[in-house]
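Report on one structure; see the data block that follows.
The values are calculated or read from the model by the stated rules, or taken from the named source; none is laboratory data. Since the structure is predicted, the reported quantities are computational estimates derived from the model, not experimental observations. All Cβ positions, glycine included, derive from the backbone under ideal geometry; neighbour counts span all protein chains shown.
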Amino acid sequence: MGIGRYVSARVAWGVVVSLIITTVTFLLLSFAPNPAIREAATRAALEGQDPAEAAERVREIRGLDRPLHVRYLDFVENVYTLDWGWSEYRSQPVVEALSSALYYTAQYSVPWTILTLLLGPLVGLYSAANMYSWKDHAATGFAFFGYAIPNFFFGIVLLLIFGRELEWVPIIYNTEVAVFSFENAKQLILPVFVLVTGSIGATMRIARNESAEFINADFMKTAKAKGVSPRRAYALHVMRPTMVPLSTTVVGQMLAIFLGSSLLVEVVFGIPGLGRLTYQALLNQDTNLVLGTTLVFTFVAVVGNIIEDIVFTMLDPRISYHE
């Protein structure tokens, strides 16, 4: 099987996985109590009307009186036509709410991802090259400090120090500043720093262990004997084989941090991103918005795993999908 067919098969399986996840989410929310119905029944009871009739009227307006399978088929059709419904909480289409949230999430998640992919392996390689020295201990301590401390607590401490005491960064996130501006960089530097320090620990540890094996290998001794510069030897003969096993774990680790820590970081720093939107949608039981955020997270996870498989193949030429 060639790489093209392999990628196509992975994409098809990703569609199946996303459908399964959204189906489970749809069923859970369908059987959960609807706050709009409860509110209508309560209001009717307070006004001396029939609560059951008011609740049934709301169910008819929202289409909840239709059979479950009919609503599910309509939902699947809307998913693939990007008609994700109306958000009652945001009073706007779900697609517009998600686009607005992704705009702010991307502003800190893109630099965080790039810095993590660069610093994690480099710190691990530096630590392995100076193993058991004070440089190794310093690099390991730096990497695991952010990994050990809770992100939300670290963010609050940094915000109190640099925002309230020193007044170097704004405390309140300003959505009106330009993306590529110094003001936006100042208000995003702390969220990016918190996420980077919290994510390079595991990446650095794997890179350190793998690099230590290749640094003392025979091919490194041969390369040094032939006069290859240390920088070139580490880059080509150590870093590249190190990235092969690292690529199988880094995506999963970063996805876990993205899905879990994005909410905490956005709440602490007041960023109106996807994590905060998901949290508010769950609190308000906004079914359409919850399903929309679930689809986005599922899409990110599926695409991330497909990219991981492709990168793994590119880094290790021994892997072939040809028969």
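Numbers at a glance
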{"item": "The one condition in (1) free of Cβ contacts under 8 Å to residues at least 60 places away in the same chain; (2) under 24 Å from the mean Cα position of the chain (by Cα); (3) surrounded by 14 or more Cβ atoms within 10 Å (Cβ to Cβ) that Leu29 fails to fulfil", "result": "(1)"}
{"item": "Members of segment 148-181 that are touching a Lys or Arg at 6+ places or on another chain (Cβ under 9 Å) and either of a type in the set (Phe, Trp, Tyr) or assigned to a helix (DSSP H, G or I) (or both)", "result": "Trp168"}
{"item": "Leu117 vs. criteria closer than 30 Å to Gly292 by Cβ and either outside the structural domain of Gly270 (by TED's automatic domain parsing) or buried (at least 17 other Cβ atoms within 10 Å of the Cβ) (or both)", "result": "yes"}
{"item": "Count - residues of segment 269-287 that are touching a residue at least 40 places away in the same chain (Cβ under 8 Å) and crowded, with 21+ Cβ neighbours inside 10 Å", "result": "10"}
{"item": "Lone qualifier among Ala36, Ala12, Ala44, Ala97 - being over 24 Å from Thr293 (Cβ atoms) and part of a helix (DSSP H, G or I)", "result": "Ala44"}
{"item": "Wholly within segment 215-323, helices (runs of 4 or more DSSP H) carrying at least 1 residues that are at pLDDT 75 or above, within 23 Å of Pro111 (Cα to Cα) and of a type outside the set (Asp, Glu)", "result": "240-269, 274-283, 287-315"}
{"item": "Number of positions in segment 51-76 that are farther than 16 Å from Leu27 by Cα and loosely packed, with under 13 Cβ neighbours inside 10 Å", "result": "4"}
{"item": "Among (1) surrounded by fewer than 19 Cβ atoms within 10 Å (Cβ to Cβ); (2) within 20 Å of Gly141 (Cα to Cα) - the single one Pro241 does not satisfy", "result": "(2)"}
{"item": "Checking Gly146 against (1) over 21 Å from Arg276 (Cβ atoms); (2) without any contact (Cβ under 8 Å) to a residue 24 or more places away in the chain, the condition it does not meet", "result": "(2)"}
{"item": "Matching option when the condition is among the aromatic types (Phe, Trp, Tyr) and in contact with a Lys or Arg (Cβ under 9 Å, 6 or more places away or on another chain), among Tyr126, Tyr80", "result": "Tyr126"}
